[in-house]
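Written below as structure tokens is the structure these notes are about.
The values are calculated or read from the model by the stated rules, or taken from the named source; none is laboratory data. Only a predicted model underlies this, so the values are computations on that prediction, with no experimental measurement involved. Here the Cβ is made from the backbone with ideal geometry for all residues, glycine too, and neighbour counts use every protein chain on show. Areas reflect the complete protein model, heavy atoms only, side chains present, ligands, DNA and RNA absent. Shrake-Rupley method; radii C 1.70, N 1.55, O 1.52, S 1.80 Å.
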Amino acid sequence: MRSGLALAAGIRGIGALMLERLPGFRDFYPEDCARRDFLFRVWTEAARRHGFRRYDIPTLEPLELFTEKSGPEIVSQLFNFTDKGGREVALRPELTPSLARMVGARVATLKKPVKWFNIAENFRYEKPQEGRLRSHFQLNCDIFGEPGPAADAELIAVCLACLRAFGLGPEDFALRLSDRTLWTLLLEAMGIEGTAAMEVLGIIDKLERTPREETLKRLQPHFGDASEDFLGQFGMLMALHEFGEMADFMRSLAPNAGIREKTETRLGVWRELLDALDAMELSPFIRIDLGIVRGLAYYTGFVFEVFKLAPDGPGYAGRALAGGGRYDHLVSKLGFPPTEAVGFGMGDVTMTQFLEEKKKLPPIIEAPDVFIVAAGEAERRAALGLAGRLRAAGIRTEYALRAPGFGKQFRLAGQCGARLAVVVGTDELAAGNVRLKDLASGGESVVPLSGAPAAVRVALEEGIGSA
Ligand code: HAM
């Protein structure tokens with residue numbers, strides 16, 4: 001196991017202490033930041049196009065907010081400690097409980113539905129692995145104050161838009177749609193309710209990543225000898241992706257009139273949701289899949305996860321790109337008036353990998369527009385003044401900090417990818433001019449120093465043809 005603090009005496013030869021990054025955390029070099037900026041910009045634009053407004057929350061929260069509200073899996077992954085004031089605190093592993101507190105605190109005055117989004121860093125002490133780190137960024141979109149499936153449809157629409165905005169389509173990914181309400185009814189029909197039902201849902205959530213024998217062992221306390229049968233039924237349910245078939249299967253499992261009626265009512269809500277999604281032309285992205293239950297404790301209704309499609313087969317590949325659902329009780333569990341809620345989180349780790357695989361990340365262009373080349377010390381003052389004026393005009397401008405020779409400055413201009421060199425030459429300056437050189441075409445023009453910003457702007461837009 002590598003420690004975070006490594007003695008690099010061998011490398012440096014002087015016993016210097018080299019501090020390594022913590023496992024599961026990332027450094028973002030400028031090119032990584034440029035990629036991340038692109039991701040966040042596309043997400044932000046998609047969220048705003050759907051009428052979501054940005055909010056933000058503290059990075060550090062009272063530990064209790066998560067131990068009470070997020071469920072056992074996240075609690076086992078908390079970065080928590082006692083602060084200098086003796087408070088038990090944790091770095092946020094997710095945004096949802098904090099957001100529910102914010103909305104709850106102003107619920108009486110907020111205009112409903114509340115549609116808010118945020119992009120923020122979360123911290124989870126997970127085993128670092130493919131698609132899972134100890135720090136990740138998440139886009140969250142949430143809607144509060146709307147109980148009906150119209151809000152679930154709107155939320156799914158913005159979630160899909162946050163992938164489609166990169167040029168990804170139904171041939172690339174799918175949203176697996178499920179329902180905790182149907183699951184609760186199903187388990188109730190089998191006599192499993194309350195915390196036992198929550199535990200079984202936790203086992204189902206892990207099923208795809210757990211060996212069958214291990215799953216059977218975990219189901220044993222709840223189903224005893226019937227554990228195999230349960231897994232068999234579950235396998236059948238998971239294979240039903242068509243609404244009519246899924247509905248018939250659910251009806252067939254209802255043991256009495258009470259559960260039958262509740263099932264029927266719920267299937268009616270399903271129909272409303274699927275109709276709305278169809279009207280939004282989103283059906284090609286949706287796969288009914290009751291194999292999804294979500295690991296977090298607070299979900300109450302429709303839940304979903306987004307996965308990329310396996311390249312060679314009908315299944316899915318990798319870890320979830322996004323996940324969310326309805327959580328109507330969280331605001332009231334925090335002590336505020338009951339407020340319905342539905343939301344999702346989409347992570348940057350899996351999303352960036354996906355975009356790389358699909359070649360949807362644009363080339364990173366961070367080159368300056370202009371590189372100023374000064375003939376010598378005497379021209380340097382004018383060059384510095386010009387740099388200030390070009391930058392004030394919004395033109396990305398660079399020059400050599402050390403003022404090397406003329407040829408070296410041109411080489412630097414080429415290396416940094418500038419489109420234009422602005423040459424502050426002795427003769428030109430004496431005549432009150434500068435020379436613009438298009439570094440791609442080699443074309444040149446002489447323009448007055450006083451009008452340089454406007455002339456540079458024209459040259460950047462239209463280029464300077466070679467003479
Ligand atoms: P979650 O499923 O835990 O949901 O996370 C949402 C997404 O964040 C995942 O699909 C994944 O892309 C990313 N993610 C989660 N953990 C990690 C990790 N350790 N490393 C890299 N990426 C990760 C939630 O957090 C809910 N609070 C979402 C929500 C908002 N539900 C309602 N509103």
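Among 303-309, 60-66, 99-105, how do they line up from the highest to the lowest mean number of other beta-carbon atoms within 10 Å?
Per-residue mean Cβ counts within 10 Å order the peptides as 303-309, 99-105, 60-66.
Compute the relative contact order of the range 370-466 as a whole-number percentage, counting only Cα pairs closer than 8 Å that sit 6 or more residues apart in sequence.
The value is 27 percent.
Quickly rank 434-443, 352-361 as a protection proxy: mean count of other C-beta atoms within 10 Å, highest first.
Sorting 434-443, 352-361 by mean packing, highest first, produces 434-443, 352-361.
Can you give me the Cα centroid spacing of the range 245-271 and the range 202-241 in angstrom?
21
Counting only helical runs of four or more DSSP H residues, what would the 222 nm mean residue ellipticity of the chain come to if each run contributes -39,500 (n - 2.57) and the total is spread over all its residues?
One gets -13000 deg cm²/dmol as the mean residue ellipticity at 222 nm.
Using a cut-off of 10 Å between beta-carbons, work out the net charge of the residues near Ile292 (Lys and Arg +1, Asp and Glu -1, Ile292 not included).
The answer is -1.
What does the C-alpha gyration tensor say about the overall shape of the chain? Classify as rounded when a/c is under 1.5, otherwise prolate if a/b is larger than b/c, or oblate.
Verdict is prolate for the chain.
Mind listing the long-range amide H neighbours of Ser135? Cut-off is under 5 Å, sequence gap 5 or more, other chains count too, H placed in the peptide plane at 1.01 Å from N.
Amide H neighbours of Ser135, under 5 Å, 5+ apart: Arg124.
Using the Cα gyration tensor of the range 370-466, with a ≥ b ≥ c the square roots of its eigenvalues, what is the shape: rounded (a/c below 1.5), prolate (a/b larger than b/c) or oblate (neither)?
Taking the square roots of the gyration eigenvalues as a ≥ b ≥ c, the range 370-466 is rounded.
Over the chain, what is the mean sequence separation of C-alpha contacts under 8 Å (at least six apart), divided by residue count, expressed as relative contact order in percent?
Computed over the chain, the figure is 14 percent.
Specify the angular offset, from 0 to 90 degrees and rounded to the nearest 10, of the alpha carbon long axis of helix 227-238 from the longest principal axis of the alpha carbons in the chain.
50
Under 12 Å Cα-Cα from Lys69, which aspartates and glutamates qualify once same-chain neighbours fewer than 8 residues away are excluded?
Qualifying aspartates and glutamates at Cα under 12 Å: Glu94.
Considering only DSSP beta bridges whose two residues both sit in the chain, what percent are antiparallel, to the nearest 5?
80
Taking Cα atoms, how many degrees apart are the long axis of helix 149-164 and the longest axis of the chain, rounded to 10 and kept between 0 and 90?
Relative to the chain, helix 149-164 is tipped by roughly 40 degrees.
Roll a 1.4 Å probe over the protein chains and send me the accessible area per residue for the chain in Å².
Result: 49 Å² of accessible area for each residue.
So the label point goes 7 Å from the Cα of Glu20 along Cα→C-beta, right? Which residues of the range 114-139 then have their backbone N under 18 Å from it?
Flagged as within label range: 126-130, 133-135.
Using a simple spin-label model with points 7 Å from Cα along the Cα→Cβ vector, what separation in nm is obtained for Glu73 and Cys416?
Rounded to a tenth, the inter-label distance reads 4.8 nm.
Given a cut-off of 27 Å, name the pairs among Lys127/Lys333; Lys217/Lys308; Lys115/Lys333; Lys111/Lys360; Lys115/Lys358 whose C-alpha atoms lie farther apart than that in the structure shown.
Over 27 Å Cα-Cα: Lys127/Lys333; Lys217/Lys308; Lys111/Lys360; Lys115/Lys358.
Among 80-88, 119-127, how do they line up by average Cβ neighbours within 10 Å per residue, starting with the highest?
Order by mean packing, descending: 119-127, 80-88.
Roughly speaking, what is the stretch gain from Ala392 to Met280, that is 0.36 nm per residue apart minus the C-alpha to C-alpha distance, in nm to one decimal?
Going from the current span to full extension adds 35.8 nm.
Using alpha carbons only, how many degrees (0 to 90, rounded to 10) separate the axis of helix 257-279 from the longest principal axis of the chain?
Roughly 20 degrees, rounded to the nearest 10.
Tell me, what is the FRET efficiency for Lys206 and Ala454 to the nearest 0.05, using R0 = 56 angstrom and their Cβ-Cβ distance as r?
0.30
Skipping prolines and chain starts, which residues have an amide H placed within reach, meaning under 5 Å, of the one on Asp179, given they are 5 or more residues away or on another chain?
Under 5 Å from the amide H of Asp179 lie the amide H atoms of Val303, each far enough along the sequence or on another chain.
Put a dot 7 Å past each Cα toward the Cβ at Phe406 and Asp27; how far apart are the dots in nm?
4.0
Going by the alpha-carbon gyration tensor, a ≥ b ≥ c the square roots of its eigenvalues, is the range 22-167 rounded (a/c under 1.5) or, if a/c is not under 1.5, prolate (a/b greater than b/c) versus oblate?
Note, shape of the range 22-167 comes out oblate.
Taking all protein chains in place and a 1.4 Å probe, what share, in percent, of the accessible surface of the chain do carbon and sulfur account for?
53
What distance in nm separates the two pseudo spin-label positions at Ala105 and Arg132, each 7 Å out from Cα along the beta-carbon direction?
So the two model labels end up 3.2 nm from each other.
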